[in-house]
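Working notes for the structure below.
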There are 2 protein chains.
Amino acid sequence: MVTIYDVAQACGCSSATVSKALNNYPDVSAKTREKILKKAKELGFVPNLQARALSTNKTWNIGVLFEDKSHSGLTHYFFSQVLQGVKEQAEEMGYDITFISKNLGGVEMSYLEHCNRRKIDGVVIACIEFDEPMVQELMDSDIPVVAIDYYSEHISAIMSDNFRGVYELTKYLISLGHKDINYVFGHEVYVTEERIRGFKKALEEEGIPFSDDMLIKSKYSEKQPNIDATKVILGRDKLPSAILYPDDYSAIWGINTLRAHGLRVPEDISVAGFDGVEIGELVSPRLTTIKQNTSRMGKQASLKCIQMIESKSDDFTRITVGVELIPGKSTMAKK
Amino acid sequence: MVTIYDVAQACGCSSATVSKALNNYPDVSAKTREKILKKAKELGFVPNLQARALSTNKTWNIGVLFEDKSHSGLTHYFFSQVLQGVKEQAEEMGYDITFISKNLGGVEMSYLEHCNRRKIDGVVIACIEFDEPMVQELMDSDIPVVAIDYYSEHISAIMSDNFRGVYELTKYLISLGHKDINYVFGHEVYVTEERIRGFKKALEEEGIPFSDDMLIKSKYSEKQPNIDATKVILGRDKLPSAILYPDDYSAIWGINTLRAHGLRVPEDISVAGFDGVEIGELVSPRLTTIKQNTSRMGKQASLKCIQMIESKSDDFTRITVGVELIPGKSTMAKK
DNA sequence: CTAAATGTCGAAACCGTTTTCGACATTTTG
DNA sequence: CAAAATGTCGAAAACGGTTTCGACATTTAG
């Protein structure tokens, strides 16, 4: 391995000067700088990031907390796109991203300790159980943290405009003549609350009375709970004319369940999803859904995280990313 | 930040002894070890990985090359599962994974240089254009490298049993009475060659003559090429009774194209995919496909990479991961 | 022309570990 | 009991950079 000392020797100068030349310090003459850069390239010098980090205390590394708890791989269909955004933006700005786990070098440890050992510059948290004490510990630390789809007073966060999403979706259904709408919703976190708020708001604005049984509790991205929720609806005396599901996958399971029960979608009942993952395009009928701008969410997360790192400001911000209504063929005007 | 020196001072011993105690060296008495460990915990000592890496030359870090060139996100549906396997296995063995890009700290560089700066211990390459000179440079370096779905004489690689996959799929179709089978195949890489070999072998064993026009060239995971390929088939005088597509997505686009042409699947024509991603389950008719064991592929990649790192052996191995036929409803017995 | 300002460089300390090797104390062996 | 072996520890160098501060040379100001 050729070091800064080798370059110094080859140039007949000190390591300090080499370091300065390489880092564009002003106090090195153009001539020596030239010579040093040339020699460095010639010798194939590659700076050692650990050594540099040791003295600068900056690793150009942002950690990502991302667990596929269900091991279903399904959560990936949404979050892997977010992750791609995180990755692209970080790379563009010169940062690497590495996953934070509970094990380093064979030693079990908390997420925070992992970050501290690696001297991670900042962290993006996505797709994880935010209530875990370990996650909270990390968010409470003084490492810059950006969360995706999580609400807290003292943390920067990126979220879709969930309120507006469901609001617009519901308005759209109402505009198609639907009044009897059910909303199968995911587990109770802030994101879900916002969506339900959007649902109620749309109903209210259109003068449709809300009642609790319009809401059916389910889970995000899980098969059985959504099949069960659908069966609950099917067991009722009077069927709604439209159903919203927590996400696109759930909607598809819902559609399959409705069909198995002899109902046609959208002729007998309209169905909409949420997320706007590619699958909605492929399935027939093409799913009506709200598309989240996953790439933008990821990029914003990286951007915000890096801003926090570089400004050393610990001011937190909540950034809302716009969503888009995708009218498909799984919904139609009520007859 | 509390360092090893702080611990040493608090214990009234030298930093060397602290280091030894922490790393289970034999030449430190049980008593002092106890005291050191206790004090270290008390003071909240967290070892600095960069400092350690500087002297041990080991970073507990494996790099991952993973580019979503098409930006479609689609490649992710398969590779994100592989990646999950890579991640899980690496984490279990104490390694972190970080993505390798062409930019570090705002400086453009090759993948190899990136690895060298970070002193990555080893690399897993997946989902990338292997022909790129930069990728070749990395594979030719003396960093341990494991590739996924790539064939080369001097590189360790993980691959599905592609030959057997298409072989069994074809045999299955033949067992359903199909003789007139077309194979829409992806771009020409080793994986594809193997699959075509499996296709031919199955035909041969069943005494069905092979002809070149049974093969239609297309691309993996891309919409238009597969629609086009399907149209080529539709334009022929005599339609086949079954079509194999390069992957599940392509199969679905194929099905949609066939339907748009008035054909029913599977009644008029049988269709099969490849990969076994979840979407095949959701779509109707449920797709007949070959399921690749993505998780296992990823885990094997990490495992092999770490073995190479730790044994310092540069012997390369090719590991083949078994596949599974998933009979669905997109194929049926020929009438 | 002298004093001050500026430009260019290097010695050395520092970042936080690991590891070698020798010193010393203690125990074992003969 | 002396010699040898063993156990326990620390000084110091090494890993590969960055950065401060002072030295010296050169240019500018007065």
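The values are calculated or read from the model by the stated rules, or taken from the named source; none is laboratory data. Bear in mind that the values here come from a model prediction, so they are computed numbers and not experimental data. Using ideal geometry, Cβ is built from the backbone for each residue, glycine included, and neighbour counts are taken over all protein chains shown. Just the protein is used for accessible areas: all its heavy atoms, side chains included, with ligands, DNA and RNA removed. Shrake-Rupley method; radii C 1.70, N 1.55, O 1.52, S 1.80 Å.
General observations
- Qualifying residues in region B:26-54 (those that are closer than 25 Å to A:Ser110 by Cα, more than 14 Å from chain A (Cβ to nearest Cβ) and not β-branched (Val, Ile, Thr)) - the one farthest from DNA strand D (Cβ to nearest atom): B:Glu42
- Members of region B:157-193 found to be of a type in the set (Asp, Glu) and farther than 16 Å from B:Tyr220 by Cα, listed by number: B:Asp161, B:Glu168, B:Asp180
- Residue that is nearest to DNA strand D (Cβ to nearest atom) [pool: residues in region B:1-10 that are in a loop (DSSP other than H, G, I, E, B) and either open to solvent by less than 80 Å² (accessible area, probe 1.4 Å) or among the acidic types (Asp, Glu) (or both)]: B:Thr3
- Exactly one residue out of B:Asp228, B:Asp237 is surrounded by fewer than 19 Cβ atoms within 10 Å (Cβ to Cβ) and assigned to a loop (DSSP other than H, G, I, E, B), and it is B:Asp237.
- Here A:Gly105 clears all of (1) out of contact with any helix residue (DSSP H, G or I) (no Cβ under 7 Å at 6 or more places or on another chain); (2) open to solvent by 50 Å² or more (accessible area, probe 1.4 Å); (3) within 16 Å of DNA strand C (Cβ to nearest atom) except the condition numbered (2).
- Members of region B:263-280 found to be under 18 Å from A:Pro285 (Cβ atoms) and open to solvent by 20 Å² or more (accessible area, probe 1.4 Å), listed by number: B:Arg264
- Selected residue (criterion: nearest to the other protein chains (Cβ to nearest Cβ)) from residues of region A:264-290 that are free of Cβ contacts under 8 Å to residues at least 24 places away in the same chain and of a type outside the set (Asp, Glu): A:Leu282
- Residue check, A:Glu153 outside any strand (DSSP E or B), buried (at least 18 other Cβ atoms within 10 Å of the Cβ) and either of a type in the set (S, T, N, Q) or out of contact with any helix residue (DSSP H, G or I) (no Cβ under 7 Å at 6 or more places or on another chain) (or both): no
- The single condition among (1) touching a His at 6+ places or on another chain (Cβ under 6 Å); (2) open to solvent by 50 Å² or more (accessible area, probe 1.4 Å) that A:Ile100 does not satisfy is (2).
- The residues of region A:307-330 that are modelled with pLDDT under 90 and open to solvent by 50 Å² or more (accessible area, probe 1.4 Å), listed by number, are A:Ser311, A:Lys312, A:Asp314, A:Asp315, A:Phe316.
- Checking each residue in region A:281-305 for being hydrophobic (A, V, I, L, M, F, W, C), surrounded by 22 or more Cβ atoms within 10 Å (Cβ to Cβ) and under 14 Å from A:Gly85 (Cβ atoms) picks out A:Met297, A:Ala301, A:Cys305.
- Among the residues of region B:156-200, those that are crowded, with 18+ Cβ neighbours inside 10 Å and among the aromatic types (Phe, Trp, Tyr) comprise B:Phe163, B:Tyr167, B:Tyr172, B:Tyr183, B:Phe185, B:Phe199.
- Residue ranges of strands (runs of 3 or more DSSP E) in region A:55-141 with at least 1 members more than 10 Å from chain B (Cβ to nearest Cβ): A:61-65, A:122-125
- Selection within region A:217-245 - of a type in the set (S, T, N, Q) and either out of contact with any Asp or Glu (no Cβ under 7 Å at 6 or more places or on another chain) or at pLDDT below 95 (or both): A:Ser218, A:Ser221, A:Gln224, A:Asn226, A:Thr230
- Of residues in region B:162-184 being in a helix (DSSP H, G or I) and basic (Lys, Arg), the one farthest from B:Gly207 (Cα to Cα): B:Arg164
- A:Cys13 falls short on exactly one of the conditions (1) near DNA strand C (Cβ under 9 Å from one of its atoms); (2) within 14 Å of chain B (Cβ to nearest Cβ); (3) part of a loop (DSSP other than H, G, I, E, B), and that condition is (2).
- In region A:16-40, the residues that are within 11 Å of DNA strand C (Cβ to nearest atom), touching a residue at least 12 places away in the same chain (Cβ under 8 Å) and either open to solvent by less than 60 Å² (accessible area, probe 1.4 Å) or among the aromatic types (Phe, Trp, Tyr) (or both): A:Thr17, A:Val18, A:Ser19, A:Ala21, A:Thr32, A:Arg33, A:Ile36
- In this entry, B:Asp248 is excluded by the filter for residues that are within 14 Å of another protein chain (Cβ to nearest Cβ) and open to solvent by 10 Å² or more (accessible area, probe 1.4 Å).
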